[in-house]
1. Going by what's in this entry, would Lys135 be described as among the charged types (D, E, K, R), at pLDDT 90 or above and either surrounded by 18 or more Cβ atoms within 10 Å (Cβ to Cβ) or in contact with a helix residue (DSSP H, G or I) (Cβ under 7 Å, 6 or more places away or on another chain) (or both)?
2. One residue is enough: does the stretch 487-495 have a residue meeting the conditions within 19 Å of Tyr393 (Cα to Cα) and within 26 Å of the chain's Cα centre (by Cα)?
3. For Glu179, work out the one condition from (1) crowded, with 24+ Cβ neighbours inside 10 Å; (2) touching a Leu at 6+ places or on another chain (Cβ under 7 Å) it doesn't fulfil.
4. Return yes when Thr558 is without any contact (Cβ under 8 Å) to a residue 12 or more places away in the chain, over 18 Å from Tyr468 (Cα atoms) and hydroxyl-bearing (Ser, Thr, Tyr) and no when it is not.
5. So, Met80, is that one at pLDDT 95 or above and aliphatic (A, V, I, L, M) or not?
6. Failed condition for Asp378, given (1) over 18 Å from Val286 (Cβ atoms); (2) touching a strand residue (DSSP E or B) at 6+ places or on another chain (Cβ under 9 Å); (3) without any contact (Cβ under 8 Å) to a residue 40 or more places away in the chain; (4) not basic (Lys, Arg), with all others met?
7. Starting from residues that are closer than 26 Å to Glu168 by Cβ and hydroxyl-bearing (Ser, Thr, Tyr), keep the ones in the stretch 283-322 and report whichever is surrounded by the most Cβ atoms within 10 Å (Cβ to Cβ).
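The values are calculated or read from the model by the stated rules, or taken from the named source; none is laboratory data. Because the structure is a prediction, the values reported are computed rather than measured. No Cβ is skipped: glycine too gets one built from the backbone with ideal geometry, and neighbour counts run over all protein chains shown.
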Amino acid sequence: MGRVVVASISVILVVGVVIGVVATVSRGSDGNGKENNGGLATGLKAVETLCGPTEYKDVCMKTLSPIAEKNSNASPKDLMKSTFEAAFNEVNKALEKSTSLGNGVTNSSYDKLSMGGCKEVMDYAGYSLRKAILKVSKTEIWSLGQLSEDLNTWLSSVLAYKSTCLDEIENPELKKAMEDALQDTNKITANALGIIEEVSKFLSKINFTIPSFEDLKKNSRRLLSADGYPTWFSAADRKLLAARSGNQQVKPNVVVAKDGSGQFKTISEAIAAYPKNHRGRFVIYVKAGIYKEYVTVPQKAINVYMYGDGPRKTIVTGDKNFAINGINTMNTATFAAIGDGFIARSMAFQNTAGAAGHQAVALRVASDMSAFYNCRIDGYQDTLYYHAQRSFYRNCVISGTIDFIFGKGTALIQNSKIIVRMGAPNQFNTVTADGRENKLMRTGLVIQNCNIVADARLHPQRLTYKSYLGRPWKQFAKTMVMESVISDVINPDGWTIWNPTDPNSDLSEIREYRNTGVGGNTNRRVKWKGLQLVTDRRVAEQYTAGPFFDGGKWIPATGGPFTLGLRR
């Protein structure tokens, strides 16, 4: 069932209605006109109903049955919250395990880095679950459906972080230990996704009308006030956005300048100055200069807005990489945006390790509802890592070679230039590599209204040096390329498998819609079960910003240009 349905209907309320019906039937007549009270208690019946469609039903029953036995009137809200809390407890166990393994099992520097990475992402996973628990706790049952997209995003990020932990461990002993430690985290989180998603199947049984895409757009507009900004946006942030959209001077909280004309000479120092319990936007102006530093906007730094003097003037650069430095992929990032609500404008993020460095990230994004405008993101392999949660890119330039736009979150790149570069001899290029590992995760990558071209060095050899739109990193990879101009740098096959052992070509969700240019010709595309050349506009609309990641709810608040639907 499409995300339009789930985002528009109060799905948890529907579960409550259905559970109520089931429970009423259970307590109804026995066929002789007598009331039958001998069936399962309401709470246990609710558990059975919720757990029935889940991927790991036995785990679901084991998790929720004690709750229902203790409270026979346990509501769907109570049970959902309990599922999140169970996942949170398992994440904490995995966090402790990663700490103990990192401290005692190996002397290898890479092993210690990978276990440190596990500890870091498990902390992120715990934060995502805390957000989910808090939101559900504070929301009335009839309003829970409005959180559907948020809850799926946060639960999906838990699976993304779990996968990241395991992907970056090379030591077989450590990998097996962490796989065991994360087993229940994976199962309980997958069940929680299933509980939310499966509710849509009940809609037809109780005659709910599925809203159209036009209805969804109207609902998105209702979230905006008369001045076009979200109704919940503060007066100060409205003023800030108005100044930005009109190119007026924005007064920053802090200024970074290499020449000493600001409060700080490095970006990291400015971020470290983020005030405790800060409210509203924290604005950092980074003056023109080349900043060779490794920057992280931490989890606690919420709603940071960072702008420079232009992507060719304000440049953050580094060269950490896997092949030469022996650093795991996640930690090669020159710039990492973790704190929710991050916005960057008119800056460049580089990783200059080159093709010899193999995995070498320029920008890693795990910030929910983050946006990047007029930015350059340059590297070779693994340039842009949309690690987790929701991120939006508009009027940007992104360059690289292998899997250079990759990740496990939900990303939409709009009105941007994507440059395929010359890599090492005997390599091939893949623009994208999506890592969705569970079909219920509403994650994936959309490239809309972009230009995909070869750089000057590759251009003379573009027809013999093979380049593809992408390859599916994980089993359920989701990627849509639509309304874009694709040059002849892209091989007529369009897509290639991950590897011969794990082709990931059957269950993936690879889509193309109304692309132009020589490379947009689909006559010779690979014949995969997972590849669909979309011709139905209604299908394509499901990959636009509104339905894809609830963009009407939050992109306007980022203050830049955007398109919620199809371009034409």
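1. So Lys135 passes the test.
2. Looking through the stretch 487-495, none of the residues is within 19 Å of Tyr393 (Cα to Cα) and within 26 Å of the chain's Cα centre (by Cα).
3. With respect to (1) crowded, with 24+ Cβ neighbours inside 10 Å; (2) touching a Leu at 6+ places or on another chain (Cβ under 7 Å), Glu179 is out only on (1).
4. no
5. Here the answer is no, as Met80 does not meet what is asked.
6. Here Asp378 clears every test but (1).
7. Thr317
One line per residue, one yes/no per condition, for (1) out of contact with any helix residue (DSSP H, G or I) (no Cβ under 8 Å at 6 or more places or on another chain); (2) over 29 Å from Leu155 (Cα atoms):
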| residue | (1), (2) |
| --- | --- |
| Asn374 | yes, yes |
| Gly379 | yes, yes |
| Phe392 | no, no |
| Ile418 | yes, yes |
| Thr430 | yes, no |
| Gly435 | no, no |
